[in-house]
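Everything on this sheet refers to the single structure shown next.
The values are calculated or read from the model by the stated rules, or taken from the named source; none is laboratory data. The structure displayed is predicted, hence computed values, not measured ones. With ideal geometry, Cβ positions are generated from the backbone for all residues, glycine too; neighbour counts draw on all protein chains shown. Heavy atoms of the whole protein, side chains included, go into the accessibility calculation; ligands, DNA and RNA do not. Shrake-Rupley method; radii C 1.70, N 1.55, O 1.52, S 1.80 Å.
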Amino acid sequence: MAYHFPEAEPYRIKVIEPLKITSRSQRQQILKDASYNLFNIPAEDVYIDLLTDSGTSAMSQDQWAGLMIGDESYAGCRNWFHLQETVRDITGYQYILPTHQGRSAENILMMIHLRQGLSALGNMFFDTTHAHVQTKGGIPRNLVIDEGLDGESNHPFKGNIDIDKLEEHIKNLGREQVALIHVTVTCNNNGGQPVSMANLRAVRAVADKYGLPFFLDAARFAENAFFIKLREPGYAEKSVKEIAREMFSYADGCTMSSKKDGLVNIGGFLALNDEANFRQAQQYLILLEGFITYGGMAGRDLEALSRGLKEVLDESYMANRIRQVHYLGNQMLAAGLPVFRPIGGHCVLIDMKQFLPHIPQLEFPCEVFCAELYLDSGTRAVGLGQLAFGGVDEETGEILYAPLEVVRLAIPRRVYTDNHMDVVIRSAIRTYERRDSLRGMKITWSPQVLRHFTAHLAPI
Ligand SMILES: *Cc1c(COP(=O)(O)O)cnc(C)c1O
């Protein structure tokens, strides 16, 4: 039976944030001043900001009201107890540690489990998690199923980890050489693709067989749960909360970036079942983040998070969320744009190798498209291609090509209307229609690391 999506938003607007309308010639100047890198543009000069869905959510009246009951006591504030109860209720995990963002939860988890030379096995490690494994001397290994890397495969759960590869790696490396398994739900790196319940159950069986700890990166746990409801037999009648609870039940704990499915602008947590690891984590938390009942968050922010975690499990919210993301992607697909399928939970990916085949990767087709989209409609997107992930091998001087050349349009939660989506769709279609006239770019200045954030570019 097909799911009955709502026709429009299950909320109305009480407070508005005015957006600046700029002219094309103003945007031309703004782009030039920013050296054609959209990270360098002041946010106020952006009309529709699809740079990221991280920390960009709109809060509800209940969350804003919650800020007023923020208790800013150093130890044992009431909002901490609210948050602890909410997270225990949703995840079933016993021990909760608040952190200022997801990455500090990852850092603490990896400090506990990783040692020099040990491997961490996952579907696809988010970049900060990848780095936190590496800084402990560990080796992150991405074992997503092959379909997960194929932009045309319609597999319903392209975030799944390949169970055969997982077991092979444990056998080949040796159990003692593996520190942990860490599965990201939904899988951010390939566009918010979900992981099935059957897959999580299978990972649990492997973890038990070899005695390995298994954690979730739960940044988009609720979006993942909703996809299970839509696509996995046996879950259509279950609530998003029940499904989420079952997902968490297969793992030993989770890291969480509350900036996504926490529906807040800052925050995170680490949740664990193992008491000894929890005691150790508490020591790191105090050292790195703050006391164990606030961990780098204000009392009011703990309250907003506690309330956001309940709201994200509301099915009418979630159905509308996924409906809107899919509306954006499916309208572009219908117009013939090379969009990755199926559309994921939080973003739309456009393949620039197909969109701009005449622009070589070394002339940054992603950045060409992003500049053109901004010029056309004031929309900000982000390139995930050669500028972000390619480079030059320092020892051999050989050029390293990024595996994908895609532009990401990430949708903030509860922020934009479908009218905004229509602006983006029309703008992308116009850009597609004049794609043959677009020319490549070159780097005029770039830093040594993470160059896409600050590099300067210029049209060739
Ligand atoms: C954003 C994100 C993180 C890191 O969280 P921060 O709150 O930005 O530190 C980790 N994993 C995934 C999947 C994410 O999307």
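Things worth noting here:
- The residue of the stretch 264-288 that is farthest from the ligand (Cβ to nearest atom), among those that are buried (at least 21 other Cβ atoms within 10 Å of the Cβ) and in a loop (DSSP other than H, G, I, E, B), is Val264.
- Qualifying positions in the stretch 419-460 - open to solvent by less than 70 Å² (accessible area, probe 1.4 Å), part of a helix (DSSP H, G or I) and at pLDDT below 95: Arg451, His452, Thr454
- Residue within the stretch 348-365 that is at pLDDT below 95, over 27 Å from Ile30 (Cβ atoms) and open to solvent by 10 Å² or more (accessible area, probe 1.4 Å) present: no
- Of the residues making up the stretch 39-69, those that are under 19 Å from the mean Cα position of the chain (by Cα) and not hydroxyl-bearing (Ser, Thr, Tyr) are Phe39, Ile48, Asp49, Leu50, Leu51, Asp53, Gly55, Ala58, Met59.
- Among (1) open to solvent by less than 10 Å² (accessible area, probe 1.4 Å); (2) touching a helix residue (DSSP H, G or I) at 6+ places or on another chain (Cβ under 9 Å); (3) among the aliphatic types (A, V, I, L, M) - the single one Ala202 does not satisfy: (1)
- Residue within the stretch 244-253 that is in contact (Cβ under 8 Å) with a residue 60 or more places away in the chain and more than 26 Å from Pro156 (Cβ to Cβ) present: yes
- Lys14 fulfils the conditions (1) closer than 30 Å to Asp62 by Cα; (2) more than 27 Å from the chain's Cα centre (by Cα); (3) assigned by TED's automatic domain parsing to the domain that holds Val325 except for a single criterion, (3).
- Among the residues examined, Arg204 qualifies as within 23 Å of Leu118 (Cβ to Cβ) and not hydroxyl-bearing (Ser, Thr, Tyr).
- Helices (runs of 4 or more DSSP H) within the stretch 1-101 that include 2 or more residues in contact with a strand residue (DSSP E or B) (Cβ under 7 Å, 6 or more places away or on another chain): 78-91
- Cross-chain or 6+ apart pairs with Cβ under 8 Å, the stretch 43-63 first and on the phi > 0 side of the Ramachandran plot, then crowded, with 19+ Cβ neighbours inside 10 Å and not acidic (Asp, Glu): Gly55/Lys259; Gly55/Val264
- Residue under evaluation Asp89, criteria (1) over 19 Å from the mean Cα position of the chain (by Cα); (2) over 15 Å from Leu216 (Cβ atoms); (3) in contact (Cβ under 8 Å) with a residue 40 or more places away in the chain, criterion not met: (3)
- Asp261, sole failed condition from (1) assigned to a helix (DSSP H, G or I); (2) in contact with a helix residue (DSSP H, G or I) (Cβ under 9 Å, 6 or more places away or on another chain): (1)
- Hey, Leu313 touching a residue at least 24 places away in the same chain (Cβ under 8 Å), in a helix (DSSP H, G or I) and open to solvent by less than 50 Å² (accessible area, probe 1.4 Å) or not: no
- Of the residues examined, Pro233 is one that is open to solvent by 20 Å² or more (accessible area, probe 1.4 Å), in the same structural domain as His155 (by TED's automatic domain parsing) and either over 29 Å from Lys171 (Cβ atoms) or touching a Ser or Thr at 6+ places or on another chain (Cβ under 7 Å) (or both).
- Residue count for the stretch 224-259 under the criterion of being over 24 Å from Phe278 (Cα atoms) and within 11 Å of the ligand (Cβ to nearest atom): the result is 1.
- Listed conditions (1) open to solvent by 40 Å² or more (accessible area, probe 1.4 Å); (2) under 24 Å from Leu309 (Cβ atoms); (3) in a helix (DSSP H, G or I) are all met by His130, apart from (2).
- Residue within the stretch 99-114 that is in contact (Cβ under 8 Å) with a residue 24 or more places away in the chain, more than 22 Å from Leu180 (Cβ to Cβ) and either more than 12 Å from the ligand (Cβ to nearest atom) or open to solvent by 40 Å² or more (accessible area, probe 1.4 Å) (or both) present: yes
- Here Gly117, Gly137 are screened, and the one residue that is free of Cβ contacts under 8 Å to residues at least 60 places away in the same chain, on the phi > 0 side of the Ramachandran plot and outside any helix (DSSP H, G or I) is Gly137.
- Candidate set from the stretch 158-189 (those that are within 16 Å of the ligand (Cβ to nearest atom) and surrounded by fewer than 24 Cβ atoms within 10 Å (Cβ to Cβ)); member that is farthest from His132 (Cα to Cα): Asn189
- Tally of residues being over 28 Å from His82 (Cα atoms) and surrounded by fewer than 20 Cβ atoms within 10 Å (Cβ to Cβ) across the stretch 50-63: 1
- Qualifying residue in the stretch 308-326 (condition: more than 21 Å from the chain's Cα centre (by Cα) and not polar (S, T, N, Q)): no
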